[in-house]
Amino acid sequence: MTPTLALTLLLAVLIGVSLGLLGGGGSILTVPILAYVAGLPAKEAIAASLVVVGVTSAVGAVSHARAGRVRWRTGVSFGAAGMAGAFLGGLLGGHIPSAVLMMAFALMMIATSVAMLRGRRGAPAEEGPTREPSAGRIVLEGLAVGLVTGLVGAGGGFLVVPALALLAGLPMPVAVGTSLVVIAMKSFAGLAGYLTSVSLDWALVGGVTLAAVLGSLLGARAAGHLPERALRTGFGVFVLAMGALVLVQELPRAAGAVVVGVVALLALLAAGCWMLVSSRPLRIARPASHTPRGT
C-alpha cells in the first residue's frame, strides 16, 4: 500500500465519521480528498464521491430505520424527485469544464460552512404532530437539491436535512435519518448520469467506500457522547478553510471558461435582441393633433 493510498483511506474514515455524527458533510470532504490526495481528475472525483456517499448513507439509513427515525413516505417522495434532478445534474456535469465544476464545488463548501456555523433555524421540536407537506413542494425541493447533488457531488445532508425539517416539519433526529435515504437515492442517480461520460477506478472507490462505512459506524457510536454544536462549529471552520483553498487554486483555471461563458451569453442575448427587433418593423408614433374642445 502506497503512502498516498494509506492517507486517502485514513481520510475516508473521517468522511464516514462526518456522516455518522452530523448526518451530512460526506461529499464536502470526499471530493477534495479524491481530487487532491488520491489525484483523481475533477469529474472522476465527483462521480466517485457519489458512490462513497451513497453507500455510506444507505448503511447509515438502516440503523436509523431500526430505531424508527425514518419517515419513509416523505423520504421516498423527496428522494424520487431528487433522483431525477441528480441524474440531470450528472449528465450536465459530464460536459462542463472541470475547473468550473471545482469552482462551483468550492462555493458550495463555503455556503455549507456558513450554514453550519450559523446553525439551523426554525427546527421543529422533538415532539408533537408533524404536518404533511404538499406533493408539489416536495417535487420542487427534491429536484433543486438533486440537481445540485448530481452536478457538483455536494449538497447532501446539509441541504436535505433543513429542507425536511422545515418543509415536512420532521423532528431533527427523524430528519437526519430520512435524509440518509434521500442522499443514497440521489447519489446513485447522479452516479448513473456521470457514468455516461466518466469511468472509475472501482478498486480505489471500493476501498474508500469501505473505509467511509467503518467511519460512519464509529461516528454513530460517538454521536451520543459529543456535543453536536461544538462538532458543527469545528467542522464548519474546517470546511470553510478547505473551500477557500479550493477556490484559490481553481479560480485561475476557471477564469478563461468563465469569460468564454459570459461572452457566449452576451452573444446569445444580442442575437435574441436583434431577431426581436428585425422581426417587427419599428413604428414611430406620430404625435396626436391637439384639437381644442368646443370647436
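The values are calculated or read from the model by the stated rules, or taken from the named source; none is laboratory data. Everything numeric in this text was worked out from a predicted model, so none of it was measured. Reconstructed Cβ throughout: ideal geometry from the backbone, glycine too, with neighbour counts over all protein chains shown.
Things to note:
- Every condition in (1) under 13 Å from Leu21 (Cα atoms); (2) modelled with pLDDT under 75 is met by Ala212 except one, and the failing one is (2).
- Here Leu226 passes the criteria (1) in a loop (DSSP other than H, G, I, E, B); (2) crowded, with 19+ Cβ neighbours inside 10 Å; (3) at pLDDT below 75 except the one numbered (2).
- Pro129 being at pLDDT below 80 and either surrounded by 17 or more Cβ atoms within 10 Å (Cβ to Cβ) or under 17 Å from the mean Cα position of the chain (by Cα) (or both): no
- Hey, Ser18 touching a residue at least 24 places away in the same chain (Cβ under 8 Å) and buried (at least 24 other Cβ atoms within 10 Å of the Cβ) or not: yes
- Residue satisfying condition, being under 20 Å from Ala38 (Cα atoms) and touching a Gly at 6+ places or on another chain (Cβ under 8 Å), within set Leu200, Leu180, Leu214, Leu210: Leu214
- Residue within region 166-181 that is modelled with pLDDT under 85 and among the hydroxyl-bearing types (Ser, Thr, Tyr) present: yes
- Yes/no for Val262 being more than 17 Å from Phe105 (Cα to Cα), surrounded by fewer than 19 Cβ atoms within 10 Å (Cβ to Cβ) and at pLDDT below 65: yes
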